[in-house]
Amino acid sequence: MNFNKKLAVAVSGAVLLMAGQFALADSATDIVDALVSKGVLTEEEGKLITKGHTSKTSVTPVVKEKDGAFTLESASGRNSIQLTGRMHLDYRDSDIDGSGDLAGGRTDDRDTASLADQFELRRARLGVKGKFANDFKYEIVGNLPGTATIDVAFLDFAKYEQVQLRVGKFKQAFGLEQLISSNNITMIERSYVDQTVPGKKLGLQIMGAPTKGMTYAGSVFQHNDTELDISSDGKSSLAGRATLNFAEIMGNKEMVLHVGIAGLDSTYAIGTSSTSQTTSAPAQATFGSISSFRSAGRGLSNIFRGQVSGTACETTSRLYSCPSEYQAQVKQRALGLEGIFATGPFKLMGEYSQGDYKGTQGTNSVSYDTKTYFLEAGYFITGEKYADSYKGGVFSSFKPKNEFDLDKGSLGAIELAFRAEGFDVDDAQISGGRLQGNLSSYTSATTYNANTGGSPTSGAKTYTAGIRWILNPNLVIKANYAQTNLDNKFAPLDVVGSTSTAVDRERLLMFRTQYMF
C-alpha cells in the first residue's frame, strides 16, 4: 500500500470514527464512496473500512430538530422521545374600581381578586412525548404554577389512521376551541363556549380519520380524578364529535370549509360546603356549585353561578367555612355545532352550544338551560394561509412565511382578529339551592333561591379585538381589548360592604407573552 493510499485509509477511518459518534452516517460513507470512485481505494478496501461503521450506526440514536424542538430517535425510527413545554405570562387590567364601582365594597375582599390589575403565570408546562414500537404514541405533561398537577397523560395505539385508541387523561371530544391548543388559539383566552366543555379528563377514546377530510372521536370519561365521581346510577360520562372539511375532500389546499357536530352526556359529583360570609341562610347550610361563568378574558368571576344545597354542617358557627360529608350530583347534557370558513389569509370561525344542567342532593335540586356561542374573524396581514395550519379537524401551530429577523427586515406573522360571544341562562327550576350573579330578578341582593314570581334569567355579551404576533414557531405576543356587557346589574358575590347592584359592564386590557417548544 503506497503512502497516499495509507493516508486515504487513515483519513477515512478517522471520519468514520467521528461519524459513529455523531450519527453522520450518510456524509461519512459518501466520502469513502468518493475515494473508491476516484480509484484511491479499491471496492474491497472501501467495504472493509465501512463494515464496522455500518454496524455502529445501525444502533446509534439520532438527534433531530424541528421548529426549536429536539427529538431523540432510535436508529430504526421505531422509538423516540421529545421534550415539550410552554410558558404563558399574562398581564390584565380591569376598569372596575373597587371603591367606586362596587359601591363602597372593600377592595381587599377575597372575592374581588378577579378584578385586580395583575400579572399571571397562566401556564408553565413541561413534559415529554414520543412513540415506542412504532405504533404507540404517548404524552405526559405537568402543569407547574401553584400546586404541580398532571395536565395530560395518555397513550395512543396509532397503527391505523382510520381507527385509533387513546387511554389516560386527555381532552374530551367536545368543543372546537378546547381541542385547539392554547398555543394556537387566536385570542388570549377562549370564549364562553369553553366554560361549558369537559376539557381534560380521565377516560378512553376511539378516534380516527376514515377518509380524507373527515374525523371522528368518541369517549367514555370520568369528570373528576377521584372515586367520589362514580355516579349513584352507575352511568358513565360520554362525549362525541365528528367533522368534515369539504375543501380537503375536494383537494382544495387554499381553503378550509369545516363543519362539525358534537354531543355530551355527563354525570359527576361535586363537593358542598358552607361559607363564612353567607348571611341570608343559616351558617350550617352548605352549597355546591353546579356551573358558573366568568367574564371573557378571565375577568370578573361568577357573573352567573348555579348552586344546589347540600347536607347541613355539624356546626352553627359563622366563623369559618365547613365542608359537607356527602357529595351532590350534577347531570349535564349538551349539543355543539361548529364551523370554519377560511380562504387564504382570512378566517371566519364560529361555535354554538346548547345544554342543560341539573344538580341534586337528596330532595334538593336546581336545574337550568344554557346557550353559549361565538363568532371570530381573523386576517393575516402578512399573508399566511389558515389552510396551512389546519389538520385533523382543528388548527395546529402557525408558521410565519418569514420568521422575525431584524437584520433581514422580517417581522414574522401578524394577525388581526375580532370576536363576538355571549351566554344565556334560562328555564331555571329551584327546589333547594340558589342562583347568583347578574340575574333578572332576586329574592335578596345578589341571590335567587326560590321560584316565586317566575324564573330568573342571566346572560352577557362580550366583544374582543386582538392582535397576534407570531415571531417564530416558538415565540408569540398577543394583545386583546374586551368589553363585556352584562344583561343585568349586580354586585360581585359576597363582597363585604357592597350595598347596591352597580356593575353592568367590564372593560379588560390584556397582554400575553408565550414561549413553547
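Each reported figure results from applying straightforward, stated rules to the coordinates on display, with no laboratory input. Worth saying up front: this structure is predicted, and the values here are computed from it rather than measured. Cβ coordinates were reconstructed from backbone atoms using ideal geometry, including for glycine residues, and neighbour counts include every protein chain displayed.
Can you list the HN-Hα couplings for region 462-468, worked out from phi with the Karplus curve (6.51, -1.76, 1.60; θ = phi - 60°), rounded to whole Hz and with x for Gly and Pro?
Here the 3J(HN,Hα) series is 10, 10, 10, 10, x, 9, 10 Hz.
Show me, for region 202-215, the HN-Hα J-couplings you get by feeding each phi into the Karplus relation (A = 6.51, B = -1.76, C = 1.60, θ = phi - 60°), rounded to Hz, glycine and proline as x.
So the Karplus estimates, Gly and Pro as x, are 6, x, 9, 9, 10, 8, x, 10, x, 8, 4, x, 10, 9 Hz.
Starting from the 7 Å offset along Cα-to-Cβ, what nm value, one decimal, do you get for the label separation of Thr42 and Asp405?
Simple spin-label model gives 5.0 nm for this pair.
First select every other residue whose beta carbon is under 15 angstrom from the beta carbon of Val366; then total the charges, Lys and Arg +1, Asp and Glu -1.
Details: positive: Arg305, Lys331, Lys358, Arg434; negative: Asp356, Asp369, Asp426, Asp427.
Computed value for this residue: 0.
With r as the distance between the Cβ atoms of Ser441 and Tyr138 and R0 = 56 Å, compute the FRET efficiency 1/(1 + (r/R0)^6) and round to 0.05. Don't skip to the answer; put the middle values down first.
Working: r = 52 Å, r/R0 = 0.93.
E(calc), rounded to 0.05, equals 0.60.
Tell me, in nm to one decimal, what length is gained between Thr147 and Tyr515 on full extension, where the rule is 0.36 nm per residue of separation less the Cα-Cα distance? Kindly include the intermediate steps, with their values, before the conclusion.
Numbers: separation 368, 0.36 × 368 = 132.48 nm, distance 2.11 nm.
This chain segment gains 130.4 nm when fully extended.
Have a look at Tyr390, Gly412, Gly422 and report the one farthest towards the positive end of the charge dipole of region 375-431, computed about the Cα centre with Cβ charges (Lys/Arg +1, Asp/Glu -1).
Of the listed residues, the answer is Gly412.
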